[in-house]
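The values are calculated or read from the model by the stated rules, or taken from the named source; none is laboratory data. Remember, predicted model here, so these are calculated numbers, not experimental data. Positions of Cβ are backbone-derived with ideal geometry, glycine not excepted, and every protein chain shown enters the neighbour counts.
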Amino acid sequence: MDTFSFYEQVYQVVRLIPRGRVCSYGAIASFLGSKGSARMVGYAMNASHTAYPPVPAHRVVNRKGMLTGKFHFGSPSLMEQLLENEGIKVQNDRILDFKEIFWDPSLECETDI
DNA sequence: GAGGTGACTGCGA
DNA sequence: CTCGCAGCCACCT
């Protein structure tokens, strides 16, 4: 709570997202206790490029499953490529079956379908 | 110290 | 499902 900024906590949760799964900003915010402040999570992602090890921000999308932050990856197609590389289908800047691959930090794991 | 910004969310239509 | 409005809090200048 001192040296570790709110961002660090967000990075930790995002790095816990299993491969082939995605998460929403609100879910992370609620998990951190900042329920209702999903903007802070998105803001943390803006600085995720400064965090190390790198944060899989491409697995984090908004409530609708839209790749709203794809432009922050340097290339607008990079986020889409990374998601498809993990088996996630993306179309029209949107994740297909978003609710099917949605991963909640509260579950930490399991949810094995 | 104050103001502005933003990779969001929930509700109603 | 999507669109628009308003609220929310930490970081930067």
Qualifying helices (runs of 4 or more DSSP H) (wholly inside the range A:24-89; at least 2 residues being near DNA strand B (Cβ under 7 Å from one of its atoms) and not aliphatic (A, V, I, L, M)): A:25-32, A:38-46
Quick one: count up the residues across the range A:67-81 that are over 15 Å from the mean Cα position of the chain (by Cα) and either of a type in the set (D, E) or within 16 Å of DNA strand C (Cβ to nearest atom) (or both). 0
Search result, residues across the range A:48-74 that are at pLDDT 90 or above, among the small types (G, A, S) and out of contact with any strand residue (DSSP E or B) (no Cβ under 7 Å at 6 or more places or on another chain): A:S48, A:A57, A:G69
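Each row is one residue, and each column tells you yes or no for (1) in contact (Cβ under 8 Å) with a residue 40 or more places away in the chain; (2) not acidic (D, E).
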site: A:E8; (1), (2): yes, no
site: A:R15; (1), (2): yes, yes
site: A:C23; (1), (2): yes, yes
site: A:A38; (1), (2): no, yes
site: A:M66; (1), (2): no, yes
Counting only residues in the range A:22-65 that are aromatic (F, W, Y) and within 19 Å of A:I101 (Cα to Cα), the one farthest from DNA strand C (Cβ to nearest atom) is identified as A:F31
Residues located in the range A:20-52, provided they are under 23 Å from A:R94 (Cα atoms) and aromatic (F, W, Y): A:Y25, A:Y43
